[in-house]
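Read through the structure below, which is laid out as structure tokens, and then see the notes.
Taken together, the values in this text are just the output of simple stated rules run on the coordinates, not laboratory data. For clarity, every value in this text was computed on a predicted model and none was experimentally measured. Note: ideal-geometry Cβ built from the backbone for every residue, glycine included; neighbour counts use all protein chains shown.
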Amino acid sequence: MRLSGAALFSGALAAIAAYAVLTALNWPAKAALFPLTMGIPLLVLAVAQAIVDLRDPPLGDRVGRRGLAVFAWMGAFIALVLLGGFPAAVPIFVFLYLKTESGERWWLAIALALAAWGFFHLLFERLLHFPFEPGLIQEWFQ
Amino acid sequence: MLDALVQGLLLVLQWNAFSLMLVGMGLGFVVGLLPGIGGAATLALMLPFVFKMSPVEAFAFLLGMHSVAATTGDITSILFGVPGEGLSAATVVDGHPMAKNGEAARALGAALMSSLLGALIGAAALAVSIPIVRPLVLTFGSPELFMVTVMGIACITSLSGQGTRAQLKGFAMGFLGLLLATIGQERQSGILRFDFGLTYLWEGLDLIPVLVGIFAIPEIIDLALRGTAIAGNAPAAKLGAGVWEGIKDTFRHFWLVVRCSAVGVFVGILPGAGGGVAQWMAYAHAVQSAKDAKDRARFGGGDVRGVLGPGAANNSKEGGDLIPTIAFGVPGSGAMAILLGAFLIMGLHPGPDMLTKHLAVTYSMVWTLVLANVIAVLICLALLPYLSLVTRIRGGLIIPFLLLLVFVGSYTANRQIADLIVTLAAGALGFLMVRYGWPRAPLVLGFVLGKLAETYLFISMARYGYSWLGQPLVIVLMVLTGVVIVFPYFQERRINAA
């Protein structure tokens, strides 16, 4: 028996289902019917799967540094959007990713960042007049 | 009727209408590639531009854009694993693995040709069924619509993979999807469910960020982990050579394409059944049509039939969607509700007038669907050998653009920053599901259908009590649901016995 990532995932599903069921028990019947009907079988199935995963753990289930790095980049992009809004975040993100993560040459990183900004600006701002929220920095200066 | 059909064609071929249709198509082509802002959102954004147009011009512009967006959505789904439109996620399941196997051009050829056939079948259904479809639409009340959603949910058995363990995992994911669909304010009692004190969750989770996160982010991480191009080390010559193979695949599995198109038309006609349902039901049907267990195991790993079914249903749905919108003013989907706004702007009233006084305008819509799809598919087919070369670009170069596609697409669906966080969370969930062998399709199906099922169940109970369970069409749909559930097991047992 080994506590593998697969068992942890199945256990997390079981915990979510248990939380849903316990929460729904406090609601009126109409509101609770669906969450209970879905939550109870999910709880049973997830617990069963967690037991299987504990007894017979699958091999090679590590996420790896590169996978985590992509998640970190996604978090960084969201932070950039919050700070500077989409129009600023798009070229900055493309440039930073290409230069630091992919190790591309300066001219290529700058050219592709400008191309991304150009496409974004032309399609969303010029053509579709799509209203993007300003970032915290723009709001602060206003 | 024939006069009106010809007149409708001539109206679309007029210089103004035709050129506006081409402009709409160009716009639809680009936005169709982006998740989130596809179909309905672009229709809403373009609505103010139709005020000065004639009805034929306005519908040529809007429908040209909308129908092409449905077609090109498949391109990003196949090439990058990013659903081009929220509703085209089913194409990802087999289309993207084909791209990874170096068969991008074949998958794209199959998706485009099946989309074209689906669109033609949808347009034909629209042309012939408007006068006769009224009884069908009026027969489907909330109990029947509830049973249709249950039938859709029952497709989980076909989407879960084979063996007891895979089936149990599939069902668990289906239940999780249905549970996620309960987040937000419960419409009957007003109770806030699983909102964690966040107003963002009052309306529940939106489909686009969840779909895009679950399907696209695991593919992007996989690309980063592999450190190669999407097509890996497949020979470059093989990439562009499969277009004709894909086209031939469409005709090799012609009746599957026809049946899946019929699923699309049927679901499209039903008001409120939702476009996502059609694609997944068509995909499930394609899986069910496998000859044996070995044949069925190919789905999910890059089987062309998994591309043909959803591709056909996605476009035939457009014709089906238009039927209740034109004939009764009852929109079959969100996009059609917006199109209804265009009718009112044009001073047209959907209903009997559209079948008598304005029949030529109605047929001009049919022709717009046909022409826009034929032109779009021809252009795409010419570009396919070049498009498929995108799968040869180094992962390190393409990943930031894919991430932009994912997050800009998720944001443009609702303009909510919180949608970005939901996308990230859904991406983490999708990644872990792939890593630990949990199927994603049942979760999405449960999520798409959960809210609809609950709403229709409540209306049925409030209106009819338990007596709706005895209605003839409900019983027929129950039997069909039973067949959908039992069929894969029956098929497996029959094969094992043989």
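A cut-off of 5 Å between modelled amide H atoms, ignoring neighbours fewer than 5 places along the same chain, links B:GLN185 with B:ARG193, B:GLU203, B:GLY204. Axis angle, to the nearest 10 degrees, between helix A:65-96 and the longest C-alpha principal axis of chain A: 50 degrees.
Dividing the mean sequence gap of close Cα pairs (under 8 Å, 6+ apart) by how many residues chain B holds gives a relative contact order of 29 percent. Just to verify a number: FRET efficiency for B:GLU203 and B:ARG493, C-beta to C-beta distance, R0 = 41 Å, to 0.05? Plugging the Cβ-Cβ distance into 1/(1 + (r/R0)^6) gives 0.40. Using the Cβ-Cβ distance between B:LEU383 and A:PHE141 with R0 set to 35 Å, the FRET efficiency from 1/(1 + (r/R0)^6) comes to roughly 0.20. From most to least packed by mean Cβ count within 10 Å, the peptides B:297-306, B:209-218, B:392-401 give B:209-218, B:297-306, B:392-401. A straight line joining the Cα centroids of the stretch B:285-315 and the stretch A:103-142 runs 40 Å. With only the Cα atoms considered, the stretch A:50-131 has a convex hull volume of 145 Å³ per residue.
Where does helix A:29-55 land angle-wise versus the long Cα axis of chain A, in degrees 0 to 90, nearest 10? That works out to roughly 90 degrees.
Convex hull volume of the Cα atoms in the stretch B:332-425, per residue, in Å³? Please list the in-between numbers first.
Details: hull volume 13.9 nm³, N = 94.
Per-residue hull volume (Cα only) is 147 Å³.
Spacing of the modelled spin labels on B:PHE251 and A:LEU108, each 7 Å from Cα toward Cβ, amounts to 4.3 nm.
In terms of overall dimensions, the C-alpha atoms belonging to chain B reach 59, 59, 55 Å along their principal axes, ordered largest to smallest.
The ranking of B:SER261, B:SER316, B:SER54 by Cβ neighbour count inside 10 Å, starting from the fewest, reads B:SER54, B:SER261, B:SER316.
Summing Lys and Arg as +1 and Asp and Glu as -1 over all other residues whose Cβ lies under 14 Å from the Cβ of A:GLY84 gives a net charge of -2. Between A:HIS129 and B:ILE417, the modelled labels are 2.6 nm apart [label points 7 Å from Cα along Cα→Cβ].
Which of the helices in chain B meet the span-like rule: DSSP H, Cα axial reach of 15 Å or more, Kyte-Doolittle mean at least 1.6? It would help to have the intermediate numbers written out before the result.
On the way: long enough: B:2-13 (17 Å, 2.13); B:15-33 (27 Å, 1.69); B:55-80 (37 Å, 1.15); B:90-100 (16 Å, 0.05); B:104-129 (36 Å, 1.67); B:142-154 (18 Å, 1.39); B:164-180 (24 Å, 0.96); B:207-226 (29 Å, 1.87); B:254-269 (22 Å, 2.01); B:275-288 (20 Å, 0.31); B:305-328 (35 Å, 0.00); B:334-345 (17 Å, 2.48); B:359-387 (41 Å, 2.11); B:395-414 (30 Å, 1.73); B:418-435 (26 Å, 1.69); B:441-464 (33 Å, 1.10); B:472-497 (35 Å, 1.32).
Span-like helices in chain B: B:2-13, B:15-33, B:104-129, B:207-226, B:254-269, B:334-345, B:359-387, B:395-414, B:418-435.
Going from the residue with the fewest nearby Cβ atoms within 10 Å to the one with the most, B:ARG440, A:ARG2 rank A:ARG2, B:ARG440.
Taking every DSSP helix (H) stretch of at least 4 residues in the protein assembly as shown, weighting each as -39,500 (n - 2.57) and dividing the sum by the residue count yields a mean residue ellipticity at 222 nm of -24000 deg cm²/dmol. Close Lys pairs in the protein assembly as shown, defined as Cα atoms under 22 Å apart and 8 or more places apart or on different chains, number 10.
With the simple model of a label 7 Å out from the Cα in the direction of the Cβ, B:LEU480 to B:ILE191 spans 3.3 nm.
How large is log10 I(q)/I(0) at q = 0.09, 0.11, 0.12 Å⁻¹ when the Debye formula is applied to the Cα atoms of the protein assembly as shown, each weighted equally and without solvent? For the protein assembly as shown at q = 0.09, 0.11, 0.12 Å⁻¹, log10 I(q)/I(0) is -0.72, -1.12, -1.35. Computed about the Cα centre, the dipole magnitude for chain B is approximately 960 debye when only Lys and Arg (+1) and Asp and Glu (-1) carry charge, each at its Cβ. Among the residues of A:104-111, the average count of other protein chain beta-carbon atoms within 10 Å of the residue beta-carbon is 1. Relative to the longest principal axis of the Cα atoms of chain A, the long axis of helix A:5-24 makes an angle of roughly 80 degrees.
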